[in-house]
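Below is one structure, written out as structure tokens; the observations come after it.
The values are calculated or read from the model by the stated rules, or taken from the named source; none is laboratory data. Quick caveat: nothing in here was measured; it's all calculated off a predicted structure. Cβ placement follows ideal geometry from the backbone for every residue including glycine, while neighbour counts extend to all protein chains displayed. The area values use the complete protein model at the heavy-atom level, side chains included, leaving out ligands, DNA and RNA. Shrake-Rupley method; radii C 1.70, N 1.55, O 1.52, S 1.80 Å.
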Amino acid sequence: MPSRATPSADADRGGAGRPTSHRVRHVMETLAREIDGLELPAVEKISNEQQEDPFQVLISTLLSARTQDATTLAASTRLFRRAKTATRMATLTVAEIERLIYPVSFYRHKARHVKAACRRLITAYGGRVPGTMEELLTLPGVGRKTANLVLILSFRSRRNICVDTHVHRIANRLGWVETRSPEETEQALYQRTHPRWWPLINLYLVTWGQNVCRPLYPKCEDCALRPFCPQKDVTRVARVHAVRRRRG
Ligand code: SF4
């Protein structure tokens, strides 16, 4: 189970002025139940296992972009076994970091960012991960997705939404937003969802996106969200009997 508290089942009441959607509440309450027992995203696992350590959350999120979760988890584990702090990681060469994180996608690029981010953490922040969006965005390789996830997981922010490709895709399929990029989706979600859900949107939708609402061939016929989902822009779905056979 996720370590973050799951909201109680009472209705969204504080959304006056915001187009608070019952569909959003139904989806989030359904997902709170449905993701129990599913494989959690890699960065969530690392955060849970490392007491929400901001440095490990930051670095593993940097590694996770466009990379399979299992690969991110294995690469992060290898890297943190060698260096658990910015000070220690900054002593590694870029080539060493490359070797440790391979085969994450863009591993050369990411190794340079990891090294540069560690240096910046040391020179500007005394080796600690800063706790504001503005400061986090000064770190090499860190964009809003990474900064939001660090703020949510390690600084327990309830004012941020972390939007990656899963959240962007599913929020559009569900008809919550009509947007073209994760950045647009993030801003639209602040307007269209109640703040109580903001810290949970990433955990719930990423978990669902990795297990059910996949980019290709989503498992719509087996999906608990089907009653609330217009399946926008979904053209091909997984065949149910094939899904059930694989489960069996
Ligand atoms: S019904 Fe299909 S498109 Fe909608 S959330 Fe479920 S898997 Fe995704």
- [ ] Please state, as a whole number in µm²/s, the translational diffusion coefficient that the Stokes-Einstein equation yields for segment 105-219 at 4 °C and 1.567 mPa s, with Rh defined as the Kirkwood radius across alpha carbon pairs.
- [x] 85 µm²/s
Open item on the list: Along each principal axis of its Cα atoms, how long is segment 45-104 end to end? Whole angstroms, biggest number first, please.
Closed with: 27, 23, 16
- [ ] Could you work out how far helix 144-154 tilts from the main Cα principal axis of the chain, as a 0 to 90 degree angle to the nearest 10?
- [x] 90 degrees
Task: Backbone N within segment 30-44 under 18 Å of label point (7 Å from Val234 Cα along the Cβ vector) - done: 30-35
Open item on the list: Can you work out the Karplus-derived ³J(HN,Hα) for every residue in segment 223-230? Use 6.51 cos²θ - 1.76 cosθ + 1.60 with θ = phi - 60°, whole Hz, and x for glycine or proline.
Closed with: 9, 5, 8, 3, x, 10, 10, x
Task: Heavy-atom accessible surface of the chain: percent carbon and sulfur, 1.4 Å - done: 50 percent
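Would you mind computing Rg(Cα) / (2.2 N^0.38 Å) for segment 161-232, counting N as its residues? Kindly include the intermediate steps, with their values, before the conclusion.
Values: Rg = 11.3 Å, N = 72, 2.2 N^0.38 = 11.2 Å.
Against the empirical 2.2 N^0.38 Å value, I get 1.01 for segment 161-232.
In Å², what does the accessible area per residue of segment 169-230 work out to with a 1.4 Å probe? Each step should come with its number before you reach the end.
Details: 2500 Å² over 62 residues.
Per residue, segment 169-230 has an accessible area of 40 Å².
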- [ ] Please give the helix 182-192 orientation as an angle from the longest Cα principal axis of the chain, in degrees from 0 to 90, rounded to the nearest 10.
- [x] 50 degrees
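Normalised by the number of residues in segment 143-214, what is the relative contact order in percent for Cα pairs under 8 Å and 6+ residues apart? It would help to have the intermediate numbers written out before the result.
Details: 77 pairs, mean separation 24.9, N = 72.
Relative contact order here is 35 percent.
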Open item on the list: Checking the a/c ratio against 1.5 first, then a/b against b/c, what shape does the Cα gyration tensor give for segment 53-175?
Closed with: oblate
Task: In Å², nearest 10: area of His113 left accessible to a 1.4 Å probe - done: 60 Å²
Open item on the list: Connecting C-alpha atoms closer than 10 Å in a GNM of the chain, tell me which of Val24, Val234, Val43 has the biggest fluctuation.
Closed with: Val234
TODO: Read phi for every residue in segment 73-79 and hand back ³J(HN,Hα) as whole Hz from Karplus 6.51 cos²θ - 1.76 cosθ + 1.60, θ = phi - 60°, with x for Gly and Pro.
DONE: 5, 5, 5, 4, 4, 5, 5
TODO: Enter the Cα centre distance for the pair segment 183-236 and segment 29-81, rounded to the nearest angstrom.
DONE: 19 Å
TODO: For the chain, with a Gaussian network of springs between Cα atoms less than 10 Å apart, report the residue from Leu216, Leu137, Leu58 with the top mean-square fluctuation.
DONE: Leu216
Task: GNM result for the chain, Cα springs below 10 Å: residue of His26, His168, His109 fluctuating most strongly - done: His109
Task: Sites excluded, trypsin sites (Lys or Arg not before Pro) in DSSP loops with at most 15 other C-beta within 10 Å, longest stretch of the chain - done: 14-65
